[in-house]
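Novice: Before anything else, here's the structure in question.
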Amino acid sequence: MNKLIINDKNELDFRSQELFKSLRTNIEFTGTENRVIAVTSCLPNDGKTNVSYHLSEAIAASGKNVVLVDADLRKSVLLSRLQITDKVRGLSHYLSGQAKVMDVTYSTDVPQLFIIPVGPFPPNPSELLGNVRFREMIPQLRRVFDYVIIDTPPLGSVIDAAIVSKHCDGSILVISSENISRQLARSVKEQLAVSNSNILGVVLNKVEAAGKRYYGKNYKGNYKGYYSSGYYGAYGEER
């Protein structure tokens, strides 16, 4: 198995580390059956990729083997956020039949943390995620890893997260305190429900506290900020 060297320049402060440990614990208390988890958001820039990675990191720190699957086949930022410059094969290679699952699974220099990168952006992301190879991938990963965290595109922009989440044990919705409306959050929650997703909870992200921005884990009914319909249609449109 090949190895990726992570050069994450955005190390968390102590408070944020504790919040992700708390998020990890809360997920564990939802039940041992919830091991394959999709992470999505309402809008781009809500922070779902950072939440996916730091949650995976927190799970690995607890002694569990975890694989982070980059399933954002439209506009992934995971490798660039982690300062990984290696040219690697990824999920799109597997879904298109060009590789096996373990051929695109990489160990990292973070003990017990593994990554399946996205690979080249395909012209038909929804179709690839909906094909039989994705469904077959889940039980293969379940047999090898204690947890599978799947980073998906924002559900407020494209339908991919709903396609993925119906094959998972549960899903987590990331909401930014800066860029949301109740109506959109409710709409995204309903889309997850329609896909028969077990919604484990909501992460309230980018919360201002004592002049600093932290990752939060509590859902609050009142949102500050605004929603612009301009976010729709611009997120990694199908080619």
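The values are calculated or read from the model by the stated rules, or taken from the named source; none is laboratory data. All values reported here derive from a predicted model rather than from experimental measurement. Cβ atoms come from the backbone with ideal geometry, glycine included; neighbour counts cover every protein chain shown.
Novice: Quick check on my filter: what residues within the range 43-77 are aliphatic (A, V, I, L, M), surrounded by fewer than 22 Cβ atoms within 10 Å (Cβ to Cβ) and either touching a strand residue (DSSP E or B) at 6+ places or on another chain (Cβ under 6 Å) or part of a loop (DSSP other than H, G, I, E, B) (or both)?
Specialist: 77, the sole residue that qualifies.
Novice: Still on this structure, I have one more. Which of (1) part of a loop (DSSP other than H, G, I, E, B); (2) exposed (fewer than 15 other Cβ atoms within 10 Å of the Cβ); (3) among the acidic types (Asp, Glu) does residue 18 not meet, given it meets every other one?
Specialist: (1)
Novice: Quick one: what pairs do we get from the range 163-174, first residue more than 17 Å from residue 51 (Cβ to Cβ), second part of a loop (DSSP other than H, G, I, E, B), C-beta under 7 Å, 6+ apart or different chains?
Specialist: 163/130; 166/195; 166/196; 166/197; 169/33; 169/34; 169/35; 169/198
Novice: Quick test of your reading of the structure: residue 156 fulfils all but one of (1) assigned to a loop (DSSP other than H, G, I, E, B); (2) farther than 23 Å from residue 202 by Cα. Name the failing condition by number.
Specialist: Just one mismatch for residue 156, condition (2).
Novice: Name the pairs whose Cβ atoms lie under 7 Å apart, with the first residue in the range 80-108 and free of Cβ contacts under 8 Å to residues at least 12 places away in the same chain, the second in a loop (DSSP other than H, G, I, E, B) and charged (D, E, K, R), and 6 or more positions between them or separate chains?
Specialist: 99/89
Novice: So, residue 191, is that one out of contact with any strand residue (DSSP E or B) (no Cβ under 8 Å at 6 or more places or on another chain), surrounded by fewer than 19 Cβ atoms within 10 Å (Cβ to Cβ) and farther than 25 Å from residue 66 by Cβ or not?
Specialist: yes
Novice: Go through the range 9-40 residue by residue and tally those that are aliphatic (A, V, I, L, M) and touching a Pro at 6+ places or on another chain (Cβ under 8 Å).
Specialist: Of the residues in the range 9-40, 0 are aliphatic (A, V, I, L, M) and touching a Pro at 6+ places or on another chain (Cβ under 8 Å).
Novice: Could you list all residues from the range 173-192 that are aliphatic (A, V, I, L, M) and either in contact with a Pro (Cβ under 8 Å, 6 or more places away or on another chain) or modelled with pLDDT under 85 (or both)?
Specialist: Within the range 173-192, 180, 184, 185 meet the criteria.
Novice: Name the single residue, out of those in the range 128-162 being of a type in the set (Asp, Glu) and at pLDDT 95 or above, that is farthest from the chain's Cα centre (by Cα).
Specialist: So the residue we want is 136.
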